[in-house]
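Following: one structure in structure tokens, then a few remarks.
Every number here is computed from the coordinates shown, using simple stated rules; none is lab data. Model, not experiment: these values are computed from the prediction. Ideal geometry is used to build each Cβ from the backbone, glycine not excepted, and the neighbour counts take in all protein chains shown.
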Amino acid sequence: MKFSKTLLSIFLLAIFTISCSSDDGKDGVDGTNGVDGAVGATGPAGTANVIYSAWLTAPTAVAETIDGTSGLSTSIAAPQLSSDILSKGTILVYVSFGTGTYTVPYTSTAGGFVNTITAISTVQKIKLFRFRHDQGGTVGLPTSLNWRYILIPGGVAATAKTAKLDYSKMSYEEVCARLNIQP
């Protein structure tokens, strides 16, 4: 019994010591918490890390054979196109003429023959190559065409939501809207 009284006394002394404060002033009263503001509207998708060019013209095309396919080629400078973007990112190229903007590769019947304009990307450069499907000659690649590229660096793991995005299947306008780029 004596042991329990001693233990109880030590316990009460500890509680009293812990609950005392050296502050001799009067305890203040806490204010009430303010009301949280309303949640704002979701903003448009940003362009963080996305690189895009102005509309460009390319130099006069020259005859070239690539992988056994004859055609015409020219190149546009893409100074920020790095080996990292080539290996991990997405490169989108668009051609604009007349009243439309088209995703490259672009297939048409210009000149009366089925032909394709494609883009071949290397560090700091995008080669534009036009070839006829029947290998019967070439179709012009005029300097009046306008070109734009969009570089989307990689490095962020895809989530189920972002993995479903295939920018190559979106129209130019959809890509610009998604990435908040002025068309």
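Model label sites at residue 97 and residue 80, defined 7 Å from Cα along the beta-carbon direction, differ in position by 2.8 nm. The simple Förster model, with R0 at 45 Å and r as the Cβ-Cβ distance, assigns residue 124 and residue 39 a FRET efficiency of 0.55.
Viscosity 1.567 mPa s, temperature 4 °C: give me the Stokes-Einstein translational D for the range 51-179 in µm²/s, with Rh taken as the Kirkwood radius over C-alpha pairs. Rounded to a whole number, D works out at 83 µm²/s. Among the trypsin sites (Lys or Arg not before Pro) found in the range 83-183, those both in a DSSP coil and sparsely packed, with 10 or fewer other Cβ atoms within 10 Å of their Cβ, are 164. In plain terms, the chain from residue 135 to residue 165 could stretch by 7.3 nm, reckoned as 0.36 nm per residue minus the Cα-Cα distance.
Here the extension length gained between residue 66 and residue 173 equals 35.4 nm, from 0.36 nm per residue of separation less the Cα-Cα distance.
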